[in-house]
Amino acid sequence: MENIVMAGVGYVGLVTGASLAQTGQHVVCADISERKIAQLKQGISPIYEPGLEAMIQRNVKKGRLRFTTDMKAAYGQADIIFICVGTPEEADGSASLKYIYEVAEDIAIHAKKGTLIVMKSTVPVGTNQEIIKYINERRDTENKLEIVSAPEFLSQGTAIKDTLEGARIVLGVETQQAEKRMREVYAGFDQPFVVTDLVSAEMIKYASNDFLALKISFVNDIANVCEKLGANIDGVTKGMGFDSRIGQHFLQAGVGYGGSCFPKDTKALYRLAEDAGYEMRTVKATIDVNQDQVYKLFHQAKADFGTLAGKKVAVLGLTFKPNTDDLRESPAIWNVLELLDAGADVTVYDPIGMNNARRILNDQVVYAESALAGITDAEICFIFTEWQEIKALTPSDFSGKMRCAHVYDGRNCFEIAEMVDAHYVSIGRPTVQNHQLALLK
């Protein structure tokens, strides 16, 4: 059995490392953050992901999972190193490779002969070839290393299931020996392998994410037309989903996508194609539609009220999706900032994301202790994340607790027929007009 090191303990590194340990591999997760490693050594996950903390504790107890900040020792003892650091978005939309090169520098210095490098981070097409060249230029001729592209396909909130029970394992390899070693690493995963070259494996990742983002923007575009023509997006997407060529996933209309992947990867692929002399018009449209969709309900509320200054506004849901504490590129956060700029008095609530929200919003908003407390005495309520606790609210909660039940639902959490006592605006569906409330604006 080979010694495996995960370089980076973010979502990808931590979930992948814990999952490999769960299948019997011996894994060391290495990171320069002393705070994160100290938490992990105490059995505390620095990120929220259902089931992850228990998996970490279980595998630490069995001796299959360890954590360290000693990168030199970790890389020096590793047989396989997974690069799992972030590739944040640059100002021009391209992916930053700063952290990738920092890890590559350390690997070049400390990795032993025969170590296999595995790129798990999402990187622009061609990066693997650049990185292995960078590493090997800094090593002796007889100590050259090899790299494999093994892109991740996990989603926050379902990351463990996505890793252990994913649709496929993609491997971009240059030699049969590298493929053999990777198949052994993933022997405990009951998934089909897609084996290809380095460049194609990188492209599979971008093409997959951008197609899903495109699907979301397309459905939101259809939802906007539904509103103009009097159709109901719920029935439209239900009818579409029965067609196996379309499928039932990613057909939920809303206020757009967020998170660490879709916004970054769509812009990165568009920029990559542009640099290669080609304009990806579909990806550009995906980005443009999403940017407009994020603020759709904010603009509607502003049009309905004329001004939001001084209005008591409740915002339910801050994370970009349920079952995560991730606020990166969250439509909710962008809208809260717009509401504050408009002079609204904002109260926010999220079941998991409140601590992260405090780091962004500080004392500019009021932090409620529950969804019900959040809407109490509010004049306007925005729903941006479809947490179960939020969906469990009843129509009478809104009409009974809010000063005026003006509800702008960005995730279509409620049936429009049930919201007759509110002024209820959702996405791609008829607005419930309550004329008594209209007089109270």
**Cleavage-rule hits, trypsin sites (Lys or Arg not before Pro), the stretch 113-203, DSSP coil, Cβ neighbours within 10 Å at most 14** = Lys113, Arg138, Lys144, Arg168
**Message:** If each DSSP helix of 4+ residues adds -39,500 (n - 2.57) and the sum is divided by the residues in the chain, what number results at 222 nm, nearest 500 deg cm²/dmol?
**Reply:** -13000 deg cm²/dmol
**Prompt:** So what are the ³J(HN,Hα) numbers for the stretch 218-228, from phi and the Karplus equation (6.51, -1.76, 1.60; θ = phi - 60°), rounded to whole Hz, Gly and Pro as x?
**Reply:** 4, 5, 5, 5, 4, 4, 5, 5, 4, 4, 5
**Asked** Percent relative contact order of the stretch 3-196, based on C-alpha pairs within less than 8 angstrom and at least six residues apart?
**Response** 20 percent
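For the chain, what proportion of DSSP beta bridges, expressed in % and rounded to the nearest 5, is antiparallel?
Within the chain, antiparallel bridges account for around 5 percent of the total.
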**Per residue, the convex hull volume that the Cα atoms of the stretch 366-412 enclose (Å³)** = 71 Å³
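Which of Lys205/Lys296; Lys228/Lys296; Lys36/Lys133 have a Cα-Cα distance over 20 Å?
In this structure, Lys205/Lys296; Lys36/Lys133 exceed 20 Å between Cα atoms.
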**Fill in**
Taking only the alpha carbons of the stretch 213-346, the radius of gyration and the largest Cα-Cα distance, Dmax, both in angstrom, are 16.6, 50
**Message:** Test of understanding: what is the full-extension gain from Lys302 to Tyr278, defined as 0.36 nm times their sequence separation minus their Cα-Cα distance?
**Reply:** 4.8 nm
**Rotationally averaged projected area of the stretch 82-233 (alpha carbon convex hull; nm²)** = 11.6 nm²
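Looking at the stretch 295-438, send over the antiparallel percent of its DSSP beta bridges, to the nearest 5.
Of the beta bridges lying entirely in the stretch 295-438, close to 5 percent run antiparallel.
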**Compactness of the stretch 3-196 as Cα Rg over 2.2 N^0.38 Å, two decimals** = 0.96
**Message:** What three numbers, in Å, describe the spread of the alpha carbons of the stretch 7-68 along their principal axes, ordered from the longest?
**Reply:** 26, 22, 20
**Prompt:** Counting only residues 5 or more places away or on other chains, whose amide H sits under 5 Å from the amide H of Val194 once H atoms are built in the peptide plane?
**Reply:** Ile169, Val170, Leu171
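Which value, in Å to one decimal place, does the Kirkwood hydrodynamic radius take for the stretch 204-292 when every pair of different Cα atoms is included?
13.7 Å
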**Item:** Along principal axes, Cα extents of the stretch 295-438, largest first, whole Å
**Value:** 40, 30, 26
**Kirkwood Rh in Å, taken over the chain so that all alpha-carbon pairs contribute** = 23.5 Å
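Taken together, the values in this text are just the output of simple stated rules run on the coordinates, not laboratory data. Note that this is a predicted model, so its numbers are computed, not measured. Because the Cβ atoms are built from the backbone with ideal geometry, glycine has one as well, and the counts that use them run over all protein chains shown.
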